[in-house]
Amino acid sequence: NKWWRLILLGIVLANATLFRHNGILFTLMLIIALVFILGKKHPAIVIASFIIFMFVIKIPVYNALNVEKPKDRVLEMTGLPLTIFGNVAKEAPEKLDQETLDFVYSIAPRESWTNYYTCGNFNNFKFWFSNSSGVNKDFIEEAGVLKMFYTAIKCFKYAPEESLDAFISLTDMVYSTEC
C-alpha cells in the first residue's frame with residue numbers, strides 16, 4: 001500500500017525487461033495480473049515507474065555507456081517457437097502446410113531436425129549442434145519475432161499435439177511438482 005514500494009516494483013520490472021533477453025514475457029504478464037490484483041490507482045504507479053525507468057535506462061544511460069545491441073537477439077527471444085518447430089519438424093512434418101514447412105526447413109534442413117534435435121530442447125540443438133546441423137541463425141534474425149510467433153501458431157493449428165508437447169516440455173519447470 002505504500003507508494004514507494006509500487007515505484008520499486010516498477011523499477012524491478014523494468015530491470016527484468018531490460019537485462020533478461022526474454023524478460024518482457026514475464027513482466028508483461030505480471031503487469032497485466034497486477035492491473036486485476038491491485039486497486040484502482042496502484043497499477044498506474046507501477047506502470048508509470050516502469051515506463052519512466054525503461055526510458056531513463058534505454059536512452060540516456062545506454063547512450064552515455066555506448067551500449068550496443070547484442071547479436072542473435074531474435075534467436076534468444078524465440079526459444080519457445082523454435083522448440084515448437086523442432087518438435088513438429090521431427091515428429092510430424094507431414095502435418096504442416098508447405099509454406100510453414102519451408103520456413104522451418106529454412107532454419108535448419110530436415111536431416112538436421114531429424115538427426116540432431118532432441119524434442120523439447122532447441123537450446124541443445126542451437127548450442128551443441130549448430131555448426132554441424134546447419135542452424136541458420138541469420139534467417140532467424142531476418143525473420144523477426146512476429147514471424148516466428150506467427151509460424152508457431154500455425155504449427156499449433158496443423159500439429160496441435162506435437163506443438164503442445166513442445167510447449168509443455170519447455171515450460172514445465174515452472175509449474176511441475178517434481179523435485
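The values are calculated or read from the model by the stated rules, or taken from the named source; none is laboratory data. The structure presented is a predicted model; accordingly, all values stated were derived computationally and were not measured. Note: ideal-geometry Cβ built from the backbone for every residue, glycine included; neighbour counts use all protein chains shown. Protein only, heavy atoms only, side chains kept; ligands, DNA and RNA dropped before computing areas. Shrake-Rupley method; radii C 1.70, N 1.55, O 1.52, S 1.80 Å.
Go through the stretch 1-101 and name the trypsin sites (Lys or Arg not before Pro) that are in a DSSP coil and have 16 or fewer other Cβ atoms within 10 Å of their Cβ.
Answer in residue order: K2, R20, K40, K41, K71.
When only Cα pairs under 8 Å and 6 or more residues apart are kept, what is the percent relative contact order across the chain?
Taking the mean separation of contacting Cα pairs over the length of the chain, I get 24 percent.
What residues have an amide H closer than 5 Å to that of T118, excluding those fewer than 5 places away on the same chain, when H is modeled at 1.01 Å from N in the peptide plane?
HN-HN under 5 Å from T118: F125.
Tell me, what ³J(HN,Hα) does each residue in the stretch 137-151 have, in order and in whole Hz, if you take phi through Karplus 6.51 cos²θ - 1.76 cosθ + 1.60 with θ = phi - 60° and put x for Gly and Pro?
Here the 3J(HN,Hα) series is 5, 5, 4, 4, 5, 5, 5, x, 5, 4, 5, 5, 5, 4, 5 Hz.
Lysines within cross-link reach of K58: Cα-Cα under 23 Å, excluding same-chain residues under 8 positions apart?
The qualifying lysines are K69, K71.
Under 1.5 on a/c is rounded, so check that first for the stretch 25-84, then, if it is not, pick prolate when a/b is larger than b/c and oblate when it is not; a ≥ b ≥ c are the square roots of the alpha carbon gyration tensor eigenvalues. Write out the running numbers ahead of the final one.
Details: a/c = 6.67, a/b = 1.23, b/c = 5.44.
Oblate shape, in that a/c is at least 1.5 and b/c is the bigger or equal ratio.
With a probe of 1.4 Å, find how much accessible area the chain has per residue, and write the answer as a whole number in Å².
Values: 11190 Å² over 179 residues.
Per residue, the chain has 63 Å² of solvent-accessible surface.
Give the angle, between 0 and 90 degrees and rounded to the nearest 10, that separates the Cα long axis of helix 42-56 from the longest principal axis of the Cα atoms of the chain.
For helix 42-56, the angle is close to 70 degrees.
Let me have the 222 nm mean residue ellipticity of the chain computed from DSSP H runs of 4+ only, each contributing -39500 (n - 2.57), with the sum over all residues rounded to the nearest 500.
Values: 12 runs with 135 residues, N = 179.
Estimated from H runs of four or more residues: -23000 deg cm²/dmol.
Convert each backbone phi in the stretch 74-88 into a coupling constant with the Karplus relation 6.51 cos²θ - 1.76 cosθ + 1.60 (shift: θ = phi - 60°), then list the ³J(HN,Hα) values in order as whole Hz, x for Gly and Pro.
Running phi through 6.51 cos²θ - 1.76 cosθ + 1.60 with θ = phi - 60° gives 5, 4, 6, 7, 10, x, 5, x, 5, 5, 5, 4, x, 4, 5 Hz.
Rounded, prolate or oblate: pick one for the stretch 49-114, where a ≥ b ≥ c are the square roots of the eigenvalues of its C-alpha gyration tensor, a/c under 1.5 means rounded, and failing that, prolate if a/b is larger than b/c, else oblate. Please report the intermediate quantities before stating the final value.
On the way: a/c = 4.36, a/b = 2.99, b/c = 1.46.
Since a/c reaches 1.5 and a/b is larger than b/c, the shape of the stretch 49-114 is classed as prolate.
Carbon and sulfur together cover what percent of the accessible area of the chain at a 1.4 Å probe radius? Don't skip to the answer; put the middle values down first.
Details: 7030 of 11190 Å².
Reported share for carbon and sulfur atoms: 63 percent.
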